[in-house]
Amino acid sequence: LIVTEEFMNERGIDLVVHGFANDADAERQSEFFEIPIQMGKFQRIQYYEGLSTTDIIGKIRAEPNSEDAPHNTTESTTPVNSHPQWFGAAIAAATDNSATIPTDPVPFTLRQVMEPHIRKATSRRDLALHAIRQATGSSTFDKVLSQFKSSGLMEGDFTFDPDTYPLRDALLRSMGLPEDTDLSRLHENSGRKDKALYTLTTQPAIFQNSFDKFVLDVCAPHFASLFDCEEIYYQAFPCIRMVQPDEFSIGPHADVAYGHHPCSVNYYLPLTPIGGASALFLESRPGSEDWHPIMGDYGTLVKHFAGAICAHWTTENKTDQTHVSLDFRLIAGPMFHELVCGRSHSGGQRDVYREKEGYYSVCRREKHTQNGSVWRRDGSLLVPDARVGFPWTVRNWDKILQKSSEG
């Protein structure tokens, strides 16, 4: 099938996506997608080896009611999840649903399970970075990435005073929960998570004001101490990760593969005790694969790492506590502007975070002779949208809340 402009217009298609097995496969199939590529409505995604349309057709034909089904079929005794394809389920199976994940070192058998997922993630990262390098120009790209990697922004941590910056209390108020709520036990009340997140979407400013002050007073000065700059772009509203026991967050990835700026620095702040199978695991440098967990508790840790280029992952939460954390990104002003979105090149991803306003706020350093420097935000607080992720992606809260109440 050659995808034509007429075909797309008739069916209201705004974006065509396809996963090629490799560059040679992309070249062979280029004529099929030439039109959407020229229209800027094509996106190459990672090829998934775990399932294919051929496999799906084969399964349909094997169904007892299928005309192509063999007459002497027998029921398989292999458990459905004996070879799980999802990363979280695969790790849980390999560790016998353990609440701890061994990483020092990673056992050989566990590394074998992780390997295909890691390879897919690193391939997507490399393709995305190569596309940005092509779009930006090799000399500028190499200079900026070299500056970034040689800074202290790659990985580190610090603490803060939760009495001065009561982020958790502010979040609880925005979620309509009492300030003595133990978020790590949220799962013990069915449906409470969804109700709390819905309430947050109706009154985010209570928390956002506290968060914004924390970024300007704490994170921006910390960032500038590691990479001297006068302007910083920062995520206007953080991602909120709330992962109950047996829930799964996200598998191996580097954020550049989702369109994020290569020099964005992730700041990660736990609101509940985090460790073991509820932790986030990361590598210290791109490709090092020296997996180590972020462990800590509220007020004892703020972790920063180069999440756009360093792979990181979570697995199924096999602990008995709900994991709640915040994460958000900061980018040095000069770097923000110097690198160009690579979406128009093979393997490139659309940077929806920079293409229109609303995701990043910008702050600038103002110098005062007596009180040192302060960071001031340009403009007012920005309203969070779907680019922040869940719960801002929900379109029908009635359906979700009804399902929660029935559960």
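The values are calculated or read from the model by the stated rules, or taken from the named source; none is laboratory data. The model shown is predicted, which means the values in this text are computed figures rather than measured ones. Here the Cβ positions follow ideal geometry from the backbone for every residue, glycine too, while neighbour counts run over all protein chains shown. In case anyone asks, the SASA skips ligands and DNA or RNA and just uses the protein heavy atoms, side chains included. Shrake-Rupley method; radii C 1.70, N 1.55, O 1.52, S 1.80 Å.
Structure notes:
- Distant-in-sequence amide H partners of Glu316 (H built 1.01 Å from N, under 5 Å): Ala92
- Cα gyration tensor shape for the stretch 302-362, rounded if a/c is under 1.5, else prolate or oblate: prolate
- 5 angstrom amide H check on Phe20, placed H, neighbours 5+ away: Ile45, Tyr47
- Global form of the stretch 235-372, assessed from the alpha-carbon gyration tensor, a/c cut-off 1.5: oblate
- Surface analysis of the stretch 146-292 yields an accessible area of 35 Å² per residue, using protein heavy atoms and a 1.4 Å probe.
- For Phe42, nonlocal amide neighbours, meaning residues 5 or more places apart or on other chains whose placed amide H falls under 5 Å from its own, are Val16.
- Split the accessible area of the stretch 173-249 by element, probe 1.4 Å, and carbon with sulfur accounts for 45%.
- Accessible surface computed residue by residue for the stretch 305-406, with neighbouring protein chains in place and a 1.4 Å probe, gives 50 Å² per residue.
- Remark: for residue pairs Lys318/Lys403; Lys193/Lys318; Lys193/Lys403; Lys193/Lys303, the C-alpha separation exceeds 20 Å in Lys318/Lys403; Lys193/Lys303.
- Computed from backbone phi, the HN-Hα couplings of the stretch 372-378 come to x, 9, 10, 10, 10, 7, 7 Hz, rounded to whole numbers (Karplus: 6.51 cos²θ - 1.76 cosθ + 1.60, θ = phi - 60°; Gly and Pro given as x).
- Note, ³J(HN,Hα) from phi for the stretch 109-123, Karplus 6.51, -1.76, 1.60, rounded to Hz, x at Gly and Pro: 5, 5, 4, 4, 5, 6, 3, x, 6, 5, 5, 5, 5, 5, 5
- Residue-wise HN-Hα coupling along the stretch 259-275, computed from phi with Karplus coefficients 6.51, -1.76, 1.60 (Hz; x: Gly, Pro): x, 6, 4, x, 9, 6, 10, 7, 10, 10, 10, x, 9, 9, x, 10, x
- Taking the Cα centre of the stretch 104-251 as reference, the dipole from Cβ charges on Lys and Arg (+1) and Asp and Glu (-1) amounts to some 780 debye.
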